[in-house]
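Worksheet for the structure shown next.
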Amino acid sequence: MAAHRLPSGRPLWQLPLTGPVSPFPVVRVGDVVALGMPEEPAGPQVVGLAAADGAVRWRVDGQLDGATPAGNLLVWGTAGAGPGASVLRSVDAATGTVRRTLRLPPGALHWSTGDGRVTLLTVLDGGRLELRDPDSGDVLHAAALPAAAGPPQVLGVTDDLVLVSEGAGVLSAYDTAALRRRWSAPRGPSARPYAFGCGVVICVGDGGRGLRLLDPATGSARWRADDWPLLTPVGDRLLAAGYPRGGAAEHVLLDAATGRPVRELGRWQLGDLAPWEDRAVLHRRQRDGRVLVGRLDERGDGIRVLAALHGVVGACGAYGSLVVCRREGGAYGVWELPG
């Protein structure tokens, strides 16, 4: 693995990797870069490197889940947790010292993020729902879930809601301010439902065709997304991609409140390098071989073309003012986009 300084691309350091290479999480805290290494022979590890020269400062066992607002790392694993349990460790990014541990059943923990940091831990332990501070581990709010025929599941966490499947057939939303139940709605038959924030609405996949879009205030259904399987919030609109007419994927901007098409954008592609990249930047290949890079404007009315790149074979992603694409021959190129 090689590190390069941006935007110049100047090489900084290299780190040999053992075993097969696969995507892994990376978090920078101060002058330390923490890498989650899932393919280590002894099991997953988190390695703390000096950002300046790549020197290894520390190693801890477990999977890297992110960093807190105070700059501590959250590492999830099973070592020392006991039978049938897992442990979440809060690790000092500078030294690798374990500050706190939280033992939980597997699958009991969810977290919400803001500005690249884990801002809230949502813990489901038995029939008790808890919100915890990610730095101290202290319980901020707790609520007992109603008894149900099946075990509850936390499906997703938005800025102000915890979305919970309460047994069979019920989806409930609890506000993060005090864990009061805001609403409940019928849920579909899927054994693996999911729900997540879609900007100004809630997207729910629960066994029916497509997605249901719910009002976050009341839980009432606003519309269905049957033809658009990919939805990305852009302000009060959704960037959607699908196959409404068959053939190649098309992008369209939808009004998030109603599902009404606002503008057809054509055949663009979202970035495909990492999940944390800028999702408002898209790219597409022209017939002459160039790759156009464009950004959705702030109102979501259309795409403004920012650059036309030569010698690019694909795998593009954007990070702030930079776009990264794989070039012919296997190397990556970095371009600084205009404002």
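Over the chain, what percent of the accessible surface lies on carbon and sulfur atoms, probe 1.4 Å?
Details: 8620 of 16840 Å².
Carbon and sulfur atoms account for 51 percent of the accessible area of the chain.
Would you tally the net charge around Gly207, using a Cβ to Cβ cut-off of less than 15 Å, leaving Gly207 out, and scoring K and R as +1, D and E as -1?
+3
Could you tell me whether segment 78-170 comes out rounded, prolate or oblate from its Cα gyration tensor? Rule is a ≥ b ≥ c as square roots of the eigenvalues, rounded for a/c under 1.5, then prolate if a/b exceeds b/c, otherwise oblate.
oblate
When a/c is below 1.5 the answer is rounded, else prolate if a/b is larger than b/c, else oblate, so apply that to segment 37-116 with a ≥ b ≥ c taken from the square roots of the Cα gyration tensor eigenvalues.
Judged from the Cα gyration tensor, segment 37-116 comes out oblate (a/c at least 1.5, b/c at or above a/b).
About its Cα centre, how strong a charge dipole does the chain have in debye, to the nearest 20, once Lys and Arg get +1 and Asp and Glu get -1 at the Cβ?
So the magnitude is around 540 debye.
Please label the shape of segment 172-242 as rounded, prolate or oblate, based on the square roots a ≥ b ≥ c of the eigenvalues of the alpha-carbon gyration tensor (a/c under 1.5 means rounded; beyond that, a/b larger than b/c means prolate, else oblate).
Oblate, because a/c is 1.5 or more while a/b does not exceed b/c.
Contact order normalised by length for the chain, with contacts defined as Cα pairs under 8 Å and 6 or more residues apart; what percent is it? Each step should come with its number before you reach the end.
Numbers: 786 pairs, mean separation 20.5, N = 339.
RCO, the chain: 6 percent.
Could you order peptides 42-52, 157-167, 135-145 by the average number of other Cβ atoms within 10 Å of their residues, highest first?
So the peptides 42-52, 157-167, 135-145, ranked by packing, come out 157-167, 42-52, 135-145.
Provide the per residue accessible area, probe 1.4 Å, for the chain, rounded to a whole number of square angstrom. Before the final figure, lay out each step's value.
Values: 16840 Å² over 339 residues.
For the chain, the per-residue accessible area is 50 Å².
In nm, to one decimal, how far is the Arg28 label point from the Arg182 one, both placed 7 Å along Cα→Cβ?
3.4 nm
What are the ³J(HN,Hα) couplings of segment 48-60, residue after residue, when phi is run through the Karplus curve with 6.51, -1.76, 1.60 and θ = phi - 60°? Round to Hz, x for glycine and proline.
x, 10, 5, 4, 6, 10, x, 5, 6, 8, 6, 9, 9
The values are calculated or read from the model by the stated rules, or taken from the named source; none is laboratory data. What you see is a predicted model, and the numbers here were worked out from it, not measured in a lab. Please note: Cβ atoms are built from the backbone with ideal geometry, for glycine as well, and neighbour counts cover all protein chains shown. Calculation scope for accessible area: heavy atoms of the full protein, side chains included, ligands and nucleic acids excluded. Shrake-Rupley method; radii C 1.70, N 1.55, O 1.52, S 1.80 Å.
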